[in-house]
Amino acid sequence: MQDRQTAGIDLPVKALAWEDADGKVWLAYNDAAWIAQRHSLGPASAQAVTAIAAGLAAAAQAATAA
């Protein structure tokens, strides 16, 4: 967020889980790379973006594991 303060509108990252009428469960979240592009984050934020992406992927994997 220090790179571009506007990124604060998308932080902290969040996910949305819901069940549809057929009983299927869905999980959605904004990709960290998309957030970085949206706010024109530069090299100063690259490590944080990578860490956020890895954290989201791990959380999604754990949440959707059979």
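Scanning the range 41-66 for residues that are surrounded by 13 or more Cβ atoms within 10 Å (Cβ to Cβ), aliphatic (A, V, I, L, M) and under 15 Å from LEU11 (Cα atoms) turns up LEU41, ALA48, VAL49, ILE52, ALA53, LEU56.
Out of the range 46-66, which residues are of a type in the set (Ser, Thr, Tyr) and at pLDDT 95 or above? The answer is THR50, and nothing else. Listed by first and then second residue, the pairs with beta-carbon distance under 7 Å, at least 6 apart or on different chains, first residue in the range 45-66 and closer than 21 Å to LEU16 by Cβ, second open to solvent by less than 50 Å² (accessible area, probe 1.4 Å), are VAL49/ALA32; VAL49/ALA36; VAL49/LEU41; ILE52/ALA32; ALA53/ALA32; LEU56/ALA32. Within the range 28-58, the only residue that satisfies the criterion of being small (Gly, Ala, Ser) and touching a strand residue (DSSP E or B) at 6+ places or on another chain (Cβ under 7 Å) is ALA28. Checking each residue in the range 15-53 for being farther than 14 Å from GLN2 by Cα, in a loop (DSSP other than H, G, I, E, B) and within 15 Å of the chain's Cα centre (by Cα) picks out ASN30, ASP31.
Residues being exposed (fewer than 12 other Cβ atoms within 10 Å of the Cβ), farther than 25 Å from ALA65 by Cβ, without any contact (Cβ under 8 Å) to a residue 24 or more places away in the chain and not charged (D, E, K, R) are represented in the range 6-24 by at least one member.
The values are calculated or read from the model by the stated rules, or taken from the named source; none is laboratory data. No experiment lies behind these values; they were computed from the predicted model shown. Note that we place each Cβ from the backbone using ideal geometry, even for glycine, and neighbour counts take in every protein chain shown. Accessible surface is based on the protein model in full, side chains and every heavy atom, while ligands, DNA and RNA are left aside. Shrake-Rupley method; radii C 1.70, N 1.55, O 1.52, S 1.80 Å.
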